[in-house]
Amino acid sequence: MKIAACDFDGTLFRDGVVSEADLEAIADWRRSGNAFGIVTGRGRNTLLRDVKRFSIPYDFLICNNGAMICDEQAQDVYCAVLPEPVRAEIMDHPGMRASAQCAFFAGTAIFTHAGKTDYWILKEHVLPRLSPVEALHMPGLHQISLAYAEPGESVAWSEAFTEGCGENAGVHFSNICIDITAPDVSKAAGMTHLLELRRWGEAKEVLVIGDDMNDLPMIRHFNGHAVANAAPEVRDAASSVFLSVGQMLRERV
């Protein structure tokens, strides 16, 4: 059996859709006895909204940059909670004050910062709000996501968070977003935990593919791949570049 995992936004989900060609390739891959899943910075519920909308078949979901792992029924089987002292450090950071939007992920729930605008991925939904003090003590909180006006701003704040909090937190940068998790969390670590949990260590091959900076640890660790629209640094790190997830699956089945 082979294991394939792809990033979602910008990799499988592009221009607001998941292509029929990619869906057919995923179905063929799984019919051949292989496993397929998604590895994303999104939380479980925001991912499931689009997974259900496009009827994407899957065997696992790795959410919040590896902080949460879900099985084929979307039930969480692993969660790395963000320690309260680290949350306090993030809440007091100038990068938090500079962000336009902020979302908190606790278990399978999503909350927005009481002092900021609504969560950018679910603009049409009114989500419950948390004050910084409430977020500080929220049980199961495992990711704080920040959004900025433009990528240049998020790049600068990502560097500032890494310099100031990097020993105590995982800082994951992608486009206008910065996701902050427990320090040992990454997409690479999430995939490694998955292989252990599912006892897939003897898998014939592990394929991963992505497009942005938070995919780099996973691509480097698993000698992975990039889609053609990926950031230059991601393409440079990849062992191969494919036009789509479907092309990778069809060529490596």
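Applying a threshold of 8 Å to beta carbon distances and a minimum spacing of six or more residues, or different chains, the list of pairs starting in segment 118-142 at a residue that is assigned by TED's automatic domain parsing to the domain that holds Leu48 and ending at one that is at pLDDT below 60 is empty.
Among the numbered conditions (1) more than 12 Å from Ala5 (Cα to Cα); (2) in contact with a helix residue (DSSP H, G or I) (Cβ under 7 Å, 6 or more places away or on another chain); (3) among the aliphatic types (A, V, I, L, M), the only one that Val51 does not meet is (2).
Yes or no: segment 189-206 includes at least one residue that is under 13 Å from the mean Cα position of the chain (by Cα) and buried (at least 23 other Cβ atoms within 10 Å of the Cβ). The answer is yes, given that some residue of segment 189-206 is under 13 Å from the mean Cα position of the chain (by Cα) and buried (at least 23 other Cβ atoms within 10 Å of the Cβ). Here the helices (runs of 4 or more DSSP H) wholly within segment 1-104 that include at least 2 residues being among the acidic types (Asp, Glu) and over 26 Å from Lys204 (Cβ atoms) are 84-91. Could you say whether any residue in segment 108-124 is out of contact with any Lys or Arg (no Cβ under 8 Å at 6 or more places or on another chain), of a type in the set (Lys, Arg) and surrounded by fewer than 19 Cβ atoms within 10 Å (Cβ to Cβ)? Within segment 108-124 (the criterion being out of contact with any Lys or Arg (no Cβ under 8 Å at 6 or more places or on another chain), of a type in the set (Lys, Arg) and surrounded by fewer than 19 Cβ atoms within 10 Å (Cβ to Cβ)), the answer is yes, since at least one residue qualifies. Among the residues of segment 148-159, at least one is farther than 30 Å from Ser55 by Cα, under 19 Å from the mean Cα position of the chain (by Cα) and aliphatic (A, V, I, L, M).
For (1) touching a helix residue (DSSP H, G or I) at 6+ places or on another chain (Cβ under 8 Å); (2) β-branched (Val, Ile, Thr); (3) within 16 Å of Asp92 (Cα to Cα), each residue gets a yes or a no:
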site	(1), (2), (3)
Pro132	yes, no, yes
Leu136	yes, no, yes
Gly152	no, no, no
Val155	no, yes, no
Ser174	yes, no, no
Met191	yes, no, no
Arg198	no, no, no
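Every listed requirement among (1) farther than 26 Å from Gly33 by Cα; (2) in contact (Cβ under 8 Å) with a residue 40 or more places away in the chain; (3) among the acidic types (Asp, Glu) is met by Asp215 save one, (1). Can you name the residue in segment 137-174 that is assigned to a helix (DSSP H, G or I) and of a type in the set (D, E, K, R) and is also surrounded by the fewest Cβ atoms within 10 Å (Cβ to Cβ) among such residues? Checking each candidate, the answer is Glu163. Contact map, segment 59-72: residues that are in the same structural domain as Leu195 (by TED's automatic domain parsing) and on the phi > 0 side of the Ramachandran plot paired with residues that are surrounded by fewer than 24 Cβ atoms within 10 Å (Cβ to Cβ) and part of a loop (DSSP other than H, G, I, E, B), Cβ distance under 6 Å, separation 6+ or inter-chain. Pairs shown: Gly66/Ser186. Is it fair to say Val227 is without any contact (Cβ under 8 Å) to a residue 60 or more places away in the chain, of a type outside the set (Gly, Ala, Ser), buried (at least 24 other Cβ atoms within 10 Å of the Cβ) and under 14 Å from Thr11 (Cα atoms)? Answer is no for this residue. Put simply, of Gly164, Gly152 the only residue that is touching a residue at least 40 places away in the same chain (Cβ under 8 Å), assigned by TED's automatic domain parsing to the domain that holds Ala106 and not aromatic (Phe, Trp, Tyr) is Gly164.
Contact annotation: residue pairs with Cβ atoms under 7 Å, 6 or more positions apart or on different chains, pairing a residue in segment 88-112 that is at positive phi with a partner that is surrounded by fewer than 19 Cβ atoms within 10 Å (Cβ to Cβ), are Gly107/Gly140. Scanning segment 78-94 for residues that are among the small types (Gly, Ala, Ser), out of contact with any strand residue (DSSP E or B) (no Cβ under 8 Å at 6 or more places or on another chain) and buried (at least 18 other Cβ atoms within 10 Å of the Cβ) yields no hits at all.
The values are calculated or read from the model by the stated rules, or taken from the named source; none is laboratory data. Predicted model, so just to flag it, every value in this text is computed and none were measured. Glycine gets a Cβ as well: all are built from the backbone with ideal geometry, and neighbour counts include every protein chain shown.
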